[in-house]
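So the structure is just underneath, and the comments pick up after that.
The values are calculated or read from the model by the stated rules, or taken from the named source; none is laboratory data. Everything numeric in this text was worked out from a predicted model, so none of it was measured. Note that each Cβ is placed from the backbone with ideal geometry, even for glycine, and that neighbours are counted across all protein chains shown.
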Amino acid sequence: MLGIFVMVTYNGLVKKEEKVKQQWSEVNNSYQRRLDLVPNLVNVVKGQADFEKGTLEKIAEARAKASSAIATTGEPTAENINATNNAQNELASAANRFIAVVERYPDLKGTEAFRGLQTQLEGTERRVKFARKDFNEAVQAYNGTVRSFPANLVAGMLGFQTKTSFQSDAGADKAVEIKF
C-alpha cells in the first residue's frame, strides 16, 4: 500500500510540475509575440512620421533586454521569473509610453497599418495577462500538493520543491505617468 501511495503521489507531482513548465512556455510564447510586434509597430511609425528618436531608442533597448531575458530563460525558477518579468515590464512600459506619444500624431493614428498593429499589441497584452494567470494557477496547484500532508512527505523525499509564481510589482496599482 505504501509503495502504491508513493507511486501515485510521485506521478501526480510530476504531472503538476509538467503543467507548470507548460504554462511557463505559454508565458514565454506571449512574451515572444510581444517582442515580434514591437519592431513592426516602430517601423510603421518610422515610415509615417518624423518621430522622436529618443522614444524609439528606449523601445529598442527595452526590447533587446526582454529578448535576451527570454533567450536565457529555461526552467521557471524564481530568478528566471523575476529577470524575465522585470525585462518584460520595462518593454511594456516603453511600448505604452510609445503609444501615448503617438497620440500627438493624428495622421499616424489614422493609418490602417498602425491601427492594426496597435490592436494586435493590445491583444498580446491580454494574452500575457492570461498566460501569467494560468501559470500562477498551475504553480498554486503544484505548491498545494507539495505542501499538503501526506504528499509533502513524498515530495520531500523525492526532491520536489515549491515553485515561485508571478507577483505584482511594487507600485503596479498606480498609473504610469507619461511626461512629454
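Things worth noting here:
- Residues of segment 145-166 that are more than 11 Å from Gly12 (Cβ to Cβ) and not hydroxyl-bearing (Ser, Thr, Tyr): Arg147, Phe149, Pro150, Asn152, Leu153, Gly156, Met157, Leu158, Gly159, Gln161, Lys163, Phe166.
- Residues of segment 28-76 that are at pLDDT 75 or above, touching a Lys or Arg at 6+ places or on another chain (Cβ under 8 Å) and of a type in the set (S, T, N, Q): Ser30 alone.
- Cross-chain or 6+ apart pairs with Cβ under 9 Å, segment 133-153 first and aromatic (Phe, Trp, Tyr), then outside any helix (DSSP H, G or I): Phe135/Pro76; Phe135/Ser165; Phe135/Phe166; Tyr142/Phe160; Tyr142/Thr162; Tyr142/Lys163
- Test for Val154: is it aliphatic (A, V, I, L, M) and modelled with pLDDT of 75 or more: yes
- Of all the criteria given as (1) more than 21 Å from Asn136 (Cα to Cα); (2) modelled with pLDDT of 75 or more; (3) of a type in the set (A, V, I, L, M), the one not satisfied by Val102 is (2).
- Members of segment 79-100 found to be closer than 17 Å to Arg126 by Cβ, touching a residue at least 24 places away in the same chain (Cβ under 8 Å) and hydrophobic (A, V, I, L, M, F, W, C), listed by number: Leu91, Ala92, Ala95
- Pairs where the first residue, in segment 1-18, is within 19 Å of Thr162 (Cβ to Cβ) and in contact (Cβ under 8 Å) with a residue 60 or more places away in the chain and the second is buried (at least 16 other Cβ atoms within 10 Å of the Cβ) and among the aromatic types (Phe, Trp, Tyr), C-beta under 8 Å, 6+ apart: Leu13/Tyr142; Leu13/Phe160; Lys16/Tyr142; Glu17/Tyr142; Glu17/Phe160
- Flag if Thr145 is hydroxyl-bearing (Ser, Thr, Tyr), assigned to a loop (DSSP other than H, G, I, E, B) and either under 30 Å from Met1 (Cα atoms) or modelled with pLDDT under 75 (or both): no
- Hey, Thr164 at pLDDT 85 or above, part of a helix (DSSP H, G or I) and hydroxyl-bearing (Ser, Thr, Tyr) or not: no
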